[in-house]
Amino acid sequence: MALMDPNASLPSGDPLLLQQARSHAPFSPRPGITAGAREGAEQRELKPLRSPKERPPVADQVDYAQVLNALDAPPAAPAARRSLAPPPAAPAAPLTSFRGGVDNGTTVPPDTAGAVGPQHVFHPLNNNVWIYDRNGSQVGPTVSLNNFWAGLGIQGHTFDPRAIYDPFGGRYIFVTMADAERPTSSLLVAVSQTGDPTGNWASHAIRVDDAAQGAVWFDFPSVGFTADKITIQINLFTRNNSQFVGSTVYAIDKQSLYNPPHQALVQRFMLQSQGATHVPAVTYDAAFKDQFLVARWSGNIQDQGYLVVYRLAGNVANGTATLTRVGFLTVNQTWASFPPGDMGPQVGSNELLSVGDDRVLTVCYRGGKLYVCHAIMLPTAAPTRSAVQWFEIDTATWNVLSLDRIDDPTGQTFYAAPSLAVNAAGEVMIGHAQFSPAIHGSGSFTLRGAPAPQTPTVFAPGLAAYKCPAIFNSTSNRWGDYSHTQVDPNDSDFWTVQQFADNPQDTWATMWTKVTRPSAAPVV
């Protein structure tokens, strides 16, 4: 187990240059293939699950001199800390929903990802990649995740897709892992060359560097952006037995990646003794160049919970970007990091569903505030349920303005795999999974800072019981592992994509929904 040290020094950035971009158009029309048609590019070969990995570490100490806010300060006014139980309320606003990618028997879990632009919905999953118009009609062919990245020297399978839309650059940013547990393990990075994802993409592969990183493989990417950076973080595991060893952050100069010849300038920061999953913020302040990253430090050190915040500042293009630890944020609420096993209940089956762990899953920066969300396990001492927790943090004072939980204290309804977005009015939407003995595994969303409702809304109801097929030899009934929620390019409406249990039994599917918001004054 890699230990966590609150005083560990942080590295300088190693300069890298991604020289050879592959330009390709994987969704371009082909003779005889109509839009939405299935063709040979779809994933048909089984993708085996990776070996079980060591859990990422949890800190047991903190340096109080680096704590940014007062230890005894309440995290928020009581009204901002509601623990909300079902039943779900009626939709807050008109919904536009459509089915997304579906199970074809080749992959579990789907790793629910996507990104929405002005005209298109880009939707990668662990098996295939789809593009839709904003009404849900498929545009172009279905392309397997493996085939999207063909030509980059990948020898095995691709997995863990993540996608975001940069509204200021007008580009889709797409990252994926490849070649798990192999010496060719790679981080794959692509950007659409215009705002149209059906057109050309520029793609790169960043292979593991054994000399600098060790005999490791890459897992679980997180991606964010600022005015001048695209930042990707990955977790590192040993190739021989999948023990956790550290984290690497790649800061990429945005303009050199976006513009021909796409020879991207990069600085690589290798973190030791800092835990895992340091999530870079998607930054909606158009001129803001510093990149914040946030991770869970501990859910319980002397009856306090802790996050840790980092800042990437400086210019990647000239090699002067630096990574610093801003400090630790504390709240007087605690939680457990891991469940005792699969916990999510479902109707019609005794099989419980995976609820994941407490790693940070989404960070958003706008208006001088950081918004952070993750799943947590409650009660702290002996967890019996999962909940969603999110923070609103003032980066000028480092006060935690809000600490909110989507939680059913009765233990009947469980929430997991959250993602978060914030619009120009200051409203927050969290998309998440929802499990209970009364429903099949479902997809939901919850609005905050909005007139109503404040309780979770199920928009993707499960249709049947779910158990991970035996062919995958999984020790867990995998769900997630994550989801995607974002603000629409109009900076008012919201989108989320969530997994749900499909028919027939033991299959999954995904559902997109757009939540239309009325014009609203900024939320105080």
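The values are calculated or read from the model by the stated rules, or taken from the named source; none is laboratory data. In this text, all values refer to a predicted model and were calculated from it rather than measured experimentally. Reconstructed Cβ throughout: ideal geometry from the backbone, glycine too, with neighbour counts over all protein chains shown.
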Just to be sure, is GLY275 touching a residue at least 60 places away in the same chain (Cβ under 8 Å) and under 30 Å from ASP506 (Cα atoms)? no
Any residue in the stretch 230-244 that is touching a His at 6+ places or on another chain (Cβ under 7 Å), in contact (Cβ under 8 Å) with a residue 40 or more places away in the chain and under 22 Å from ILE393 (Cα atoms)? yes
Reported set for the stretch 355-369 where residues are of a type in the set (Gly, Ala, Ser) and under 18 Å from ASP407 (Cβ atoms) is GLY356
Mind checking which residues of the stretch 114-160 are over 21 Å from the mean Cα position of the chain (by Cα) and in a strand (DSSP E or B)? ASP133, GLN138, VAL143
Any hit, the stretch 60-74, residues being modelled with pLDDT under 95 and hydroxyl-bearing (Ser, Thr, Tyr): no
Quick one: what pairs do we get from the stretch 312-335, first residue assigned to a strand (DSSP E or B), second at pLDDT below 95 and exposed (fewer than 15 other Cβ atoms within 10 Å of the Cβ), C-beta under 7 Å, 6+ apart or different chains? THR330/LEU71
Restricting attention to the stretch 348-379, which residues are buried (at least 19 other Cβ atoms within 10 Å of the Cβ), among the small types (Gly, Ala, Ser) and over 30 Å from TYR284 (Cβ atoms)? SER349, SER354
Would you mind stating whether THR158 is crowded, with 18+ Cβ neighbours inside 10 Å, within 25 Å of THR513 (Cβ to Cβ), polar (S, T, N, Q) and modelled with pLDDT of 95 or more? no
Among LEU370, LEU403, LEU353, LEU378, which is the only one that is of a type outside the set (Ser, Thr, Tyr) and in contact with a Pro (Cβ under 7 Å, 6 or more places away or on another chain)? LEU403
Condition check for ALA381: in contact (Cβ under 8 Å) with a residue 12 or more places away in the chain and in contact with a Gly (Cβ under 6 Å, 6 or more places away or on another chain): no
When restricted to ASP502, ASP506, ASP491, ASP481, the only residue over 29 Å from SER349 (Cβ atoms) and either in contact with a helix residue (DSSP H, G or I) (Cβ under 8 Å, 6 or more places away or on another chain) or modelled with pLDDT of 95 or more (or both) is ASP491
Identify, please: which residue in the stretch 181-237 is of a type in the set (Lys, Arg) and surrounded by fewer than 20 Cβ atoms within 10 Å (Cβ to Cβ) and is, among those, nearest to PHE168 (Cα to Cα)? ARG207
Qualifying positions in the stretch 17-36 - out of contact with any strand residue (DSSP E or B) (no Cβ under 9 Å at 6 or more places or on another chain), at pLDDT below 55 and among the small types (Gly, Ala, Ser): GLY32
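Residue-by-condition table, conditions (1) over 20 Å from the mean Cα position of the chain (by Cα); (2) part of a strand (DSSP E or B):
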| residue | (1), (2) |
| --- | --- |
| ALA202 | yes, yes |
| ALA211 | yes, no |
| PHE218 | no, yes |
| SER222 | no, yes |
| ILE230 | no, yes |
| ILE234 | no, yes |
| PHE237 | no, yes |
Among the listed residues PRO409, PRO383, PRO345, identify the single one that is surrounded by fewer than 16 Cβ atoms within 10 Å (Cβ to Cβ), in contact with a strand residue (DSSP E or B) (Cβ under 6 Å, 6 or more places away or on another chain) and within 28 Å of ALA465 (Cβ to Cβ). PRO409
Which of (1) surrounded by fewer than 23 Cβ atoms within 10 Å (Cβ to Cβ); (2) over 29 Å from LEU95 (Cα atoms); (3) at pLDDT 95 or above; (4) touching a strand residue (DSSP E or B) at 6+ places or on another chain (Cβ under 7 Å) is the odd one out, the single condition GLY153 does not satisfy? (3)
